[in-house]
Amino acid sequence: MAATAYSTAVLGAAGARLPAVAAAAPPTVRLPPRSFSPLRLQDAPRLSLLRVKASSDDTSTSAASGDELVDDLKAKWDAVENKSTVLTYAAGAIVATWFSSVVVGAVNSLPLLPKIMELVGLGYTGWFVYRYLLFKESRKQLADDVDSLKKSIAGTEAE
């Protein structure tokens, strides 16, 4: 068996030879033991700002609210008298959303029109800021208009 360069370097040139199996195996390296101390949060000044408090999380409340939501939806669906009308409106809303997406995609594919629409949007935004947000009286008028719109939608406005 021929001596390898590793065995010659380790054992010296005295001619000691290792068997072929032992020459192929890498040597085991033993490192001196380190004194390892884990980082404690009290000792780290940067981490002292972070405070974490453990608490028990009861998942039954979220499950109960999910069940309540389903029960509420079932009760509302059972209260609807004309279910076919509701389904027709829902289907119409889905089709209208899809159609508007197609129209916006077609307008966006035209070369110059998206830039013109962007300018129109910027112009309208500037006008809206000037008209409703710049002065105190106009902000109050906008708030009153929004409140009256909320009341008319909710049905709480006196007719």
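Taken together, the values in this text are just the output of simple stated rules run on the coordinates, not laboratory data. What you see is a predicted model; the values in this text were computed from it and never measured. Cβ placement follows ideal geometry from the backbone for every residue including glycine, while neighbour counts extend to all protein chains displayed.
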- What FRET efficiency would be calculated for the residue pair A91, K151, taking the C-beta separation as r and a Förster radius of 22 Å, to the nearest 0.05? 0.10
- Note on the structure: Between the modelled labels at S138 and I116 (7 Å from Cα along Cα→Cβ) the distance in nm is 2.7
- Candidate lysines - alpha carbon under 27 Å from K136, same-chain residues fewer than 8 apart omitted: K150, K151
- Query: What lysines sit close enough to K115 to cross-link, taking a C-alpha to C-alpha distance under 21 Å and skipping anything fewer than 8 places away on the same chain?
  - Reply: none
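Classify the range 110-159 from the C-alpha gyration tensor, please: rounded if a/c falls under 1.5, else prolate or oblate depending on whether a/b exceeds b/c. Write out the running numbers ahead of the final one.
Values: a/c = 6.84, a/b = 1.86, b/c = 3.69.
Here the range 110-159 falls in the oblate category.
For G123, what charge total do you get from the other residues with a beta carbon under 14 Å from its beta carbon, if Lys and Arg give +1 and Asp and Glu give -1?
+1
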